[in-house]
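Quick notes on the structure that follows.
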Amino acid sequence: MVYHKTLPVVFFFAFVTLYFVILADAATFTVTNNCPYVVWAAASAPGKPGGGKRLNQGETWIVNGDPGVTKARIWGRTNCNFDASGRGECQTGDCNGVLECTSYGRAPNTLAEYSLKQYADQDFIDISVIDGFNIPMEFSSASGQCTRKISCTGDIIGQCPGELKVDGACNGPCPMLKTEEHCCNSGNCGPTPLSMFFKQRCPDAYSYPKDDPTSLFTCPTGTNYNVIFCP
């Protein structure tokens, strides 16, 4: 009889312990718009709820990241128009015409990408301009155990090569030209003159698919982060 009385208590404490372990490993992303224009922030992760929010200058939005999530991203959308039901369209970064994204955004868009609680209890973070550039961005640690700060703030739109120019942004070579040289679908590719255009202006950012050595960064699991538009 003692066994049956104590078993639920054991399970309760095990559940509470697991809950606090998961909570400690989760990450909070504080997304801030410092741009002098409205940004419609967006977030998406495979198999996880996404979201989106209009941010006027100086406003923030909190995005929660679960431990173990991979290939998640945060980005900004520009020149959007949504109706009362949250349906509409954005000039850049649009996600299937909805305010609260459930899928990745349409290129071109500057991306803050992350995978949490991966190998050796590390978070992997990066900024990517493989899908082009629409808003300057900073992605940084907000916790004392990590001092990582990466950014992409170069004049990419103003100096964008003619073949990549689109309204309000500079598209990436892969989504614009759709060639193996730029998209690297076979896994064998290197930098190109067009990818180097992005790399020279944003040394911290992914400029082509195999740009890992200079563009992928880590922080210990449990770190919180800031994503800032127009830092």
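The values are calculated or read from the model by the stated rules, or taken from the named source; none is laboratory data. What you see is a predicted model, and the numbers here were worked out from it, not measured in a lab. Positions of Cβ are backbone-derived with ideal geometry, glycine not excepted, and every protein chain shown enters the neighbour counts. Each accessible area value is taken on the protein alone, full model and side chains, heavy atoms only, with ligands, DNA and RNA left out. Shrake-Rupley method; radii C 1.70, N 1.55, O 1.52, S 1.80 Å.
Note on K149 and S103: the extension gain reaches 13.9 nm, defined as 0.36 nm multiplied by sequence separation minus the Cα-Cα distance. Under 16 Å of direct C-alpha separation, and excluding same-chain neighbours fewer than eight residues apart, K117 reaches these aspartates and glutamates: D25, D66, D126.
Between Q118 and T179, the FRET efficiency from the beta-carbon distance, with R0 = 30 Å, is close to 0.45. Shape annotation for segment 116-163: C-alpha extents along the principal axes are 43, 20, 10 Å, from largest to smallest. With Cα atoms as the point set, the radius of gyration and Dmax of the chain evaluate to 19.7, 79 Å.
Ranking C174, C35 by solvent-accessible area of protein heavy atoms (1.4 Å probe, all protein chains present), from largest to smallest, gives C174, C35.
Potential lengthening of the chain between A142 and T214 amounts to 23.8 nm, from the contour at 0.36 nm per residue minus the alpha-carbon distance. Relative to the longest principal axis of the Cα atoms of the chain, the long axis of helix 2-25 lies at roughly 20 degrees. Return the FRET efficiency for the residue pair T28, D167: r is the Cβ-Cβ distance, R0 is 45 Å, and the value is rounded to the nearest 0.05. Using R0 = 45 Å, I get an efficiency of 0.85. Near the amide H of L55, within less than 5 Å, lie the amide hydrogens of V39, W40, A41, all on another chain or at least 5 residues away, with H placed in the peptide plane. For the chain, excluding the exposed loop sites themselves (trypsin sites (Lys or Arg not before Pro), DSSP loop, at most 13 other Cβ atoms within 10 Å), the longest remaining stretch covers 72-177. If the Kirkwood radius is taken over C-alpha pairs of segment 32-168, then at 37 °C and 0.692 mPa s the Stokes-Einstein diffusion coefficient equals 211 µm²/s. Spin-label pair N64-T192: with each label point 7 Å from Cα along the Cα-Cβ axis, the two points sit 4.2 nm from one another.
Rolling a 1.4 Å probe across the protein heavy atoms gives the chain an accessible surface of 50 Å² per residue.
By the Kirkwood approach, averaging reciprocal distances over each pair of separate Cα atoms, segment 56-131 gets a hydrodynamic radius of 13.8 Å. Each Lys or Arg adds one and each Asp or Glu takes one away; over the other residues whose Cβ falls under 12 Å from the Cβ of P67, this sums to -2. Between K71 and Y37, the FRET efficiency from the beta-carbon distance, with R0 = 30 Å, is close to 0.55.
Rg then Dmax, both in Å and based on the Cα atoms of segment 113-231: 14.9, 43.
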